[in-house]
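Here the structure is laid out as structure tokens; the discussion comes afterwards.
The values are calculated or read from the model by the stated rules, or taken from the named source; none is laboratory data. Owing to the predicted nature of the structure, the values given are computational and were not obtained by experimental measurement. Virtual Cβ from ideal backbone geometry, glycine too; neighbours counted across all protein chains shown.
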Ligand SMILES: Cc1cc2nc3c(=O)[nH]c(=O)nc-3n(C[C@H](O)[C@H](O)[C@H](O)COP(=O)(O)OP(=O)(O)OC[C@H]3O[C@@H](n4cnc5c(N)ncnc54)[C@H](O)[C@@H]3O)c2cc1C
């Protein structure tokens, strides 16, 4: 996780700098009914010239003592849904002292956090009423981006004191968290604002937004999602695909298989229609990625080894070094069953004799037994 | 006593040669010194072994005395493995010393378990030798056995041939000679097994509790140090004797609870504790288990346990597995039991079934010392740790990958975690602020979360929990959130592959029926603990140890009724449920006997 956060942090820093060049600190005044510039803190791609129009939805967030805050849907000029948005005003109370927090939040079509805009007239403030600095806003963005933040499972009072043993609700996954780790992730002096913002962004609403999208999504949006770099979008699209869709979009799917995250690759591998495994031409793009995909995906590919052509097996036999011990065993078992052809045998011998190969001995054993 | 076996081999070669040989099992050394006995992977690599788990500091020599039948010139082999092979010096190197001679050959170099030839030695007229294992690195060198032979024929390496060879060399009969009979045999002394033992012992049953470690508690023991989560349900009185305080996982306070637990279990006269005994087989006839065979983890003695009924609380469902009980492993497809949770989609429950499971952990920690502390370079750890830096490990240090089975590949999983730990610590040590840090504790036991789940009459699922179904035979109750883990590398390839994340589902209260606590097809087998009958997601909540403890206690009381009426576990549900539930209710208020006050 630390990795992810660090990368993100660097990205945000870079991004933040780019922003400074475009707008003055203080940000543009938010438009009431739409958006024609990228939100100031934002995780999604934004094409230059995009203009989004806000449409009301029936959804809202209920905020303590203030009431309902509507959720809008931002659509592009072709009426395609792009983002959800809400202008939030909510009280933040610390030690009996309450103040209002104003922030405009954005979510993706699947209810994930997409970004926020600050209100230039009503900046966020800390306990001591100091305004947030740009670094503070960036830290908030970073925090909101982490859907698994340490704030997730905690009640606010558990963040201030050392967590007490809680009967029944302390999951396997809580024990190590310390206040120090909380401090590292929240804006200093603004724990309450951060906490409230995080839970607004990641609360009950996510599921509702996703449902709303699911209930009205068009094929066009689904295809758009497939072409997005957002892995949740890709998963959403793939999850709705039937055999015909898989065939129609197979080039893009193969491309995601190569470049996507392991979870999406795994999904593709497990859900490719049978037809793919019966048609060498359709399979090839996937086998081509064999040496480059992650270990989990490679295992899933190997489950289809019995559908692979001799040429594919031959190609794989030049990549024995990328396989784990168990993967190598699966491969050897299959070529043992198929009958060992000369080009593959040659590659095995080279591998078995290469002292640098940790699992050379396994191939050696295989060759010995095979030749017996 | 040494487990040394002398046999005479006759090889029908061109000229007939009579060879003297001795197989010396490392785990039976008179004095293991700083080496630890590791019996975790017997089923895969063949035997408990000695390991130099020094966290980077060489451990004291393991020593033993060997007697030979004949003097003469002997060839020596050591069965060992390089646990992190690659382009660096093997991390776990060691030497063998025979009497005063250190044999030159460094050992622990080969990939995969097998024999390494050490050299020759002369056994003199006294027909005895003093043997020492000399650790060279402090990084988990391992020695399974030492073989002396006047012949130069290397013993077999492949698992199957080796097992046969071992039997021949040790002239071991098929069945253990000693047979012990009990009312109930419980295998696995985690919290579940201990609770089952106490509950059934309180009802007057004569119990054997067979556990492969010196300390009780499984993952909650001070050897693994996971604290117990969950509620007490109906069994507060019993579970308080066994559970832990809520300290961070890996905390040294586990030792205080360890003492409490051991003392409590030992206070029952009708529990015969077999500590350091590992079950290795169970035999069923007509779907009824006849016996369980177990072996002492260091002296190699064997016992056959017979009983009308058995409890599998091994976590890995070993007894069920050997006896032919139905079991499952991996994730069901989302539709199998209707376990979807939109929010987390595929990470929660997949569209297509697969063999992913929650991973295993090795907990560890370090401490600040008064002076600067060195830590060796660990190049062999870096391909795993990469640039990750840490000075302690919590529950998130977890490893699961779909090409690895949590049982069959447990040694590789443990070793992967050791590389992650030593590498991350080494990276952290490069920071000036950690100059005084020293590794304090690294477990060598792999703490598991999920492997085989034995199938019962009811398979407990996420839906049962979400719908809070109050089964007529609800004996276990839990409020703790359901959490299921996944490896973060699935979301980003740049993440370390040994760190996990948890997905939580918070419900209110859910129940587990008694029917999930006995086998569907093995008539006299109960199960308690994480190997109870559930789906992958179903395990997400109740795998924690107060809940597994509740299962154990529930099983213990059921077993006492089985004994009373001479019936099978299933019959308690069909014929004696009211009495069973009443027994559970009444035991809550059991008076503490004067002697225990
Ligand atoms: C890092 C980590 C963190 C966790 N966090 C928590 C937490 O905070 N709270 C919580 O309650 N739970 C937690 N869990 C989950 C919990 O510890 C496990 O699910 C636990 O295994 C459940 O207990 P058990 O009694 O079923 O099994 P175990 O504790 O695994 O006990 C089974 C015992 O049987 C022994 N055994 C196995 N085979 C044999 C054999 N053939 N012969 C003899 N003995 C045998 C084993 O050595 C073992 O000690 C965590 C797990 C891990 C790994």
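For the stretch B:345-370, which residues satisfy the criterion of being more than 10 Å from chain A (Cβ to nearest Cβ) and within 24 Å of residue A:110 (Cβ to Cβ)?
Matches in the stretch B:345-370: B:348, B:349.
Looking at residue B:477, is it touching a helix residue (DSSP H, G or I) at 6+ places or on another chain (Cβ under 9 Å), farther than 23 Å from residue B:336 by Cβ, within 14 Å of chain A (Cβ to nearest Cβ) and assigned to a strand (DSSP E or B)?
yes
Being more than 25 Å from residue B:564 (Cβ to Cβ) and either within 6 Å of the ligand (Cβ to nearest atom) or surrounded by 24 or more Cβ atoms within 10 Å (Cβ to Cβ) (or both) is the filter here; which residues of the stretch B:225-246 pass it?
B:225, B:226, B:227, B:228, B:229, B:230, B:243, B:244
Return the residues of the stretch B:262-276 that are over 19 Å from residue B:47 (Cβ atoms) and either assigned to a loop (DSSP other than H, G, I, E, B) or away from the ligand (no atom under 16 Å from the Cβ) (or both); say none if nothing qualifies.
B:263, B:266, B:267, B:268, B:269, B:270
Quick one: residue B:89 ticks every box in (1) in contact with a strand residue (DSSP E or B) (Cβ under 7 Å, 6 or more places away or on another chain); (2) under 27 Å from residue B:41 (Cα atoms); (3) away from chain A (no Cβ under 14 Å); (4) surrounded by fewer than 19 Cβ atoms within 10 Å (Cβ to Cβ) bar one, so which box is it?
All conditions pass for residue B:89, except number (1).
Could you check, for the stretch B:238-261, whether at least one of its residues is within 14 Å of another protein chain (Cβ to nearest Cβ) and in contact with a strand residue (DSSP E or B) (Cβ under 7 Å, 6 or more places away or on another chain)?
yes
Given (1) surrounded by fewer than 17 Cβ atoms within 10 Å (Cβ to Cβ); (2) in contact (Cβ under 8 Å) with a residue 40 or more places away in the chain, where does residue B:104 come up short, assuming only one miss?
Of (1) surrounded by fewer than 17 Cβ atoms within 10 Å (Cβ to Cβ); (2) in contact (Cβ under 8 Å) with a residue 40 or more places away in the chain, only one is false for residue B:104: (2).
What about residue B:259, is it surrounded by fewer than 20 Cβ atoms within 10 Å (Cβ to Cβ), assigned to a loop (DSSP other than H, G, I, E, B), modelled with pLDDT of 95 or more and assigned by TED's automatic domain parsing to the domain that holds residue B:183?
Here the answer is no, as residue B:259 does not meet what is asked.
Can you pull out the helices (runs of 4 or more DSSP H) entirely within the stretch A:291-372 that have at least 1 residues that are loosely packed, with under 15 Cβ neighbours inside 10 Å and away from chain B (no Cβ under 14 Å)?
It comes to A:310-316, A:325-338, A:342-353, A:360-371.
Identify, by number, the condition in (1) farther than 18 Å from residue B:542 by Cβ; (2) surrounded by fewer than 20 Cβ atoms within 10 Å (Cβ to Cβ); (3) touching a residue at least 12 places away in the same chain (Cβ under 8 Å) that residue B:285 doesn't meet.
The one condition residue B:285 does not meet is (3).
When the residues of the stretch B:392-408 are narrowed to those that are more than 13 Å from the ligand (Cβ to nearest atom) and under 18 Å from the mean Cα position of the chain (by Cα), which ends up surrounded by the most Cβ atoms within 10 Å (Cβ to Cβ)?
My answer is B:404.
Can you spot a residue in the stretch B:207-220 that is within 14 Å of chain A (Cβ to nearest Cβ), within 11 Å of the ligand (Cβ to nearest atom) and buried (at least 21 other Cβ atoms within 10 Å of the Cβ)?
So far as the stretch B:207-220 goes, yes, one or more of its residues are within 14 Å of chain A (Cβ to nearest Cβ), within 11 Å of the ligand (Cβ to nearest atom) and buried (at least 21 other Cβ atoms within 10 Å of the Cβ).
Name the helices (runs of 4 or more DSSP H) wholly inside the stretch B:513-588 in which the number of residues that are crowded, with 24+ Cβ neighbours inside 10 Å is 3 or more.
B:536-539, B:545-565
Conditions tested, residue by residue: (1) modelled with pLDDT of 90 or more; (2) within 14 Å of another protein chain (Cβ to nearest Cβ).
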{"residue": "A:94", "(1), (2)": "no, no"}
{"residue": "A:106", "(1), (2)": "yes, no"}
{"residue": "A:157", "(1), (2)": "no, no"}
{"residue": "A:163", "(1), (2)": "no, yes"}
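Determine which single condition residue B:495 fails, assuming it passes every other condition in (1) within 16 Å of the ligand (Cβ to nearest atom); (2) more than 17 Å from residue B:329 (Cα to Cα); (3) more than 20 Å from the chain's Cα centre (by Cα).
Of (1) within 16 Å of the ligand (Cβ to nearest atom); (2) more than 17 Å from residue B:329 (Cα to Cα); (3) more than 20 Å from the chain's Cα centre (by Cα), only one is false for residue B:495: (1).
Would you mind finding the one in B:417, B:358, B:369 that is touching a residue at least 60 places away in the same chain (Cβ under 8 Å) and either away from the ligand (no atom under 14 Å from the Cβ) or surrounded by fewer than 22 Cβ atoms within 10 Å (Cβ to Cβ) (or both)?
Going through B:417, B:358, B:369 in turn, the sole match is B:369.
It is to be established whether one or more residues within the stretch B:502-513 are farther than 21 Å from residue B:228 by Cα and either within 14 Å of chain A (Cβ to nearest Cβ) or in contact (Cβ under 8 Å) with a residue 12 or more places away in the chain (or both).
yes
What residue, among those in the stretch B:277-306 that are more than 10 Å from the ligand (Cβ to nearest atom) and outside any strand (DSSP E or B), is farthest from residue B:36 (Cα to Cα)?
B:286
How about the stretch A:209-283: which helices (runs of 4 or more DSSP H) wholly inside it have at least 3 residues that are touching a residue at least 60 places away in the same chain (Cβ under 8 Å) and either within 14 Å of another protein chain (Cβ to nearest Cβ) or more than 30 Å from residue A:55 (Cα to Cα) (or both)?
Once the helices (runs of 4 or more DSSP H) in the stretch A:209-283 are filtered for at least 3 residues that are touching a residue at least 60 places away in the same chain (Cβ under 8 Å) and either within 14 Å of another protein chain (Cβ to nearest Cβ) or more than 30 Å from residue A:55 (Cα to Cα) (or both), what remains is A:231-240.
Being under 22 Å from residue B:272 (Cα atoms), more than 16 Å from the ligand (Cβ to nearest atom) and assigned to a strand (DSSP E or B) is the filter here; which residues of the stretch B:307-340 pass it?
B:309
Of the conditions (1) farther than 22 Å from residue B:416 by Cβ; (2) in contact (Cβ under 8 Å) with a residue 40 or more places away in the chain, residue A:320 satisfies every one except a single condition; which number is it?
All conditions are met except number (1).
Residues of the stretch B:170-179 being away from the ligand (no atom under 15 Å from the Cβ) and buried (at least 16 other Cβ atoms within 10 Å of the Cβ), which ones?
Result: B:170, single match.
Given the options B:530, B:546, B:515, name the one that is touching a strand residue (DSSP E or B) at 6+ places or on another chain (Cβ under 7 Å) and farther than 30 Å from residue A:202 by Cα.
Answer to the check: B:515.
Test residue B:224 against the criterion of being assigned to a loop (DSSP other than H, G, I, E, B) and in the same structural domain as residue B:589 (by TED's automatic domain parsing), and give yes or no.
Criteria met by residue B:224.
Is the stretch A:91-101 home to any residue that is within 29 Å of residue A:231 (Cβ to Cβ) and part of a strand (DSSP E or B)?
There is no residue in the stretch A:91-101 that is within 29 Å of residue A:231 (Cβ to Cβ) and part of a strand (DSSP E or B).
Can we say residue B:223 is at pLDDT below 95 and more than 14 Å from every other protein chain (Cβ to nearest Cβ)?
When the stated conditions are applied, residue B:223 passes them.
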